[in-house]
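See structure below.
The values are calculated or read from the model by the stated rules, or taken from the named source; none is laboratory data. What you see is a predicted model, and the numbers here were worked out from it, not measured in a lab. Cβ sites come from the backbone with ideal geometry, for glycine too, and all protein chains shown count toward neighbours. Areas reflect the complete protein model, heavy atoms only, side chains present, ligands, DNA and RNA absent. Shrake-Rupley method; radii C 1.70, N 1.55, O 1.52, S 1.80 Å.
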Amino acid sequence: MVIIGTFMVALAVEMFIIPYNILSGGVAGIAVAVGPLININETLIANVLVVGLLFAGGAVLGREFFLETCLSSLIYPVFTSTLTKIITVPTVDPILASFYGGLLGGIGVGLVVRAGASTGGMDIPPLIVHKLTGIKLSVLICITDALTVMLGFAAYDLSAVLLGLISVFSTGWAVSKALSFGEGSVSKSVQVISPHWQEIY
């Protein structure tokens, strides 16, 4: 589940987010926002952030979190670096790229979190706040991603920011659905045994 979810996040980044310069959330959004300012490849920026935040998360959230997240954080750069070389970027409207990039990435994040791990990167700040406050995780991810998109004002115009917010909202919706999927089918059965069954009945 962690591997599949991480692959979906990497696919969203390399197929939609980076090729269309979508100011999404997470490390990909930061990479797109600051890449033009520092003249460094966006994929390299994203990979460095993922690995760096992995160790930061381990220091704050503990050894167990570090080990659970290690798999996702370490295979993410492998997936993105490989997909960059082999993937064919579809020609679509930027609005569709933003929406489906957020949707695909959100499902991936939700799968990883549901498995008890994290994709690392910008998932870590929301997880810390969630642990301390109990605020719904999908809401915190949405807020963090929205703040990340605002960084786009430094290098892009308002249109780019508004386009990025489409990705943010579709990501938050997908994370919420992935985390809650199947909860409605949970049921409980209670059996009461008593010599006074007729009165109870």
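Computed values, structure above
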read-out: Number of positions in the range 87-124 that are open to solvent by 20 Å² or more (accessible area, probe 1.4 Å) and touching an Asp or Glu at 6+ places or on another chain (Cβ under 9 Å); value: 6
read-out: The range 130-169, subset crowded, with 22+ Cβ neighbours inside 10 Å and among the small types (Gly, Ala, Ser), residue nearest to ILE22 (Cα to Cα); value: GLY164
read-out: Close pairs (7 angstrom Cβ cut-off, 6 or more residues apart or separate chains): without any contact (Cβ under 8 Å) to a residue 12 or more places away in the chain in the range 135-148, part of a helix (DSSP H, G or I) anywhere; value: ILE135/VAL129
read-out: Residues (more than 17 Å from LEU44 (Cβ to Cβ), touching a residue at least 40 places away in the same chain (Cβ under 8 Å) and assigned to a helix (DSSP H, G or I)) located in the range 76-102; value: PRO94, ILE95, ALA97, SER98, PHE99, TYR100, GLY101, GLY102
read-out: From the options LEU127, LEU11, residue that is open to solvent by less than 40 Å² (accessible area, probe 1.4 Å) and either at pLDDT 90 or above or outside any helix (DSSP H, G or I) (or both); value: LEU11
read-out: Check on SER72, open to solvent by less than 10 Å² (accessible area, probe 1.4 Å), over 19 Å from TYR20 (Cα atoms), in contact with a Ser or Thr (Cβ under 9 Å, 6 or more places away or on another chain) and not in a helix (DSSP H, G or I); value: no
read-out: Residue check for ILE45: in contact with a Lys or Arg (Cβ under 9 Å, 6 or more places away or on another chain), at pLDDT 75 or above, at negative phi and assigned to a helix (DSSP H, G or I); value: no
read-out: From the options SER72, SER138, residue that is among the small types (Gly, Ala, Ser) and modelled with pLDDT of 80 or more; value: SER72
